[in-house]
1. Between rounded, prolate and oblate, where does the stretch 94-173 land on the alpha carbon gyration tensor, with a ≥ b ≥ c its root eigenvalues, rounded for a/c under 1.5, else prolate if a/b exceeds b/c?
2. Spin-label point model (7 Å from Cα, Cβ direction): what's the Y22 to M99 distance in nm?
3. For the residues L79, L28, what sequence is obtained by ranking on other C-beta atoms within 10 Å, fewest first?
4. Among M71, M124, M153, what is the fewest-to-most ranking by other Cβ atoms within 10 Å?
5. Residue by residue through the stretch 47-57, which ³J(HN,Hα) values in whole Hz follow from phi under the Karplus form 6.51 cos²θ - 1.76 cosθ + 1.60 (θ = phi - 60°), with glycine and proline marked x?
6. Order of Y130, Y44, Y22 from fewest to most other C-beta atoms within 10 Å?
7. Set the Förster radius R0 to 41 Å, insert the Cβ-Cβ distance between H51 and H172 as r into 1/(1 + (r/R0)^6), and round the FRET efficiency to 0.05.
8. What is the local net charge at G41, summed over the other residues whose Cβ is closer than 15 Å to its Cβ (Lys, Arg +1; Asp, Glu -1)?
Amino acid sequence: MRRGAVHWGLLALFSDGPKYGYQLRTELDTRTGGMWTLNVGQIYTTLERLHRDGLVDSVGHNDEGRTMYAMTEQGQAALAEWFATPVTTADRSRSELAMKLAIAVTTPHADVAGIVQAQRVESMRQMRDYTDLRRRTDPAKEPAWMLLLDHLMFALESELRWLDHIEATVLHRRPSAGSSAHAPADRPSGPLVEAAEQPPAGGVR
């Protein structure tokens, strides 16, 4: 069974000692800057699965009577393997934007140019928000949050470049207004997703 990032993220929180359930929610929020905000039900469901799989085990109760859990040797080995295993394409979440545009370019009368422009405006708004957050973040005190912000900003920068690429290569190949309404748009000869390319130096600061 494939385990998700939340599963591994919660397991990793046990690296520095025993924890109780609700404590995991607070620490996950702190370490990721709220990126992985989970409700209490999700926390306890994942904790139960970690316990069921032998990755954590109960180690008694704290002064408040809460059940404490600690990582087992099996859990330590599993976490080390996760850290050492590269993330593959299959492990990355699917992109709704990529799916939307892939469908739109082959759908008669779909306003692909309008979709691209609307997305560009929204992506630039998000970039401004993240840039402002980054300016107010102390990398010495919040290194994990800074790392996640950088990831989000580089992803948005690549997304904007990809949208430019679509305008330059895909839109001009679509049928003109006088073409048959049922004529499919030309398929791009090269890969649409250029977001995997490394952003140019100095792109995000």
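Read-outs: derived from the displayed coordinates by stated rules, not from any lab. Just so we're clear, the structure is a prediction, and the values are computed from it rather than from any experiment. A quick note on method: Cβ atoms are made from the backbone with ideal geometry, for glycine too, and the neighbour counts reach across all protein chains shown.
1. Numbers: a/c = 3.32, a/b = 2.84, b/c = 1.17.
Cα axes put the stretch 94-173 in the prolate bin.
2. Each label point lies 7 Å from its Cα, and together they span 3.6 nm.
3. On the way: L79 17, L28 20.
The order, fewest Cβ neighbours first, is L79, L28.
4. On the way: M71 24, M124 12, M153 20.
Result, fewest neighbours first: M124, M153, M71.
5. Result, rounded to whole Hz: 4, 4, 5, 4, 5, 4, 7, x, 8, 9, 9.
6. Working: Y130 19, Y44 15, Y22 12.
Going from sparsest to densest Cβ surroundings: Y22, Y44, Y130.
7. Numbers: r = 57 Å, r/R0 = 1.38.
Efficiency computed from Cβ-Cβ geometry: 0.15.
8. Details: positive: R25, R49; negative: E48.
Counting the neighbours of G41, the net charge comes to +1.
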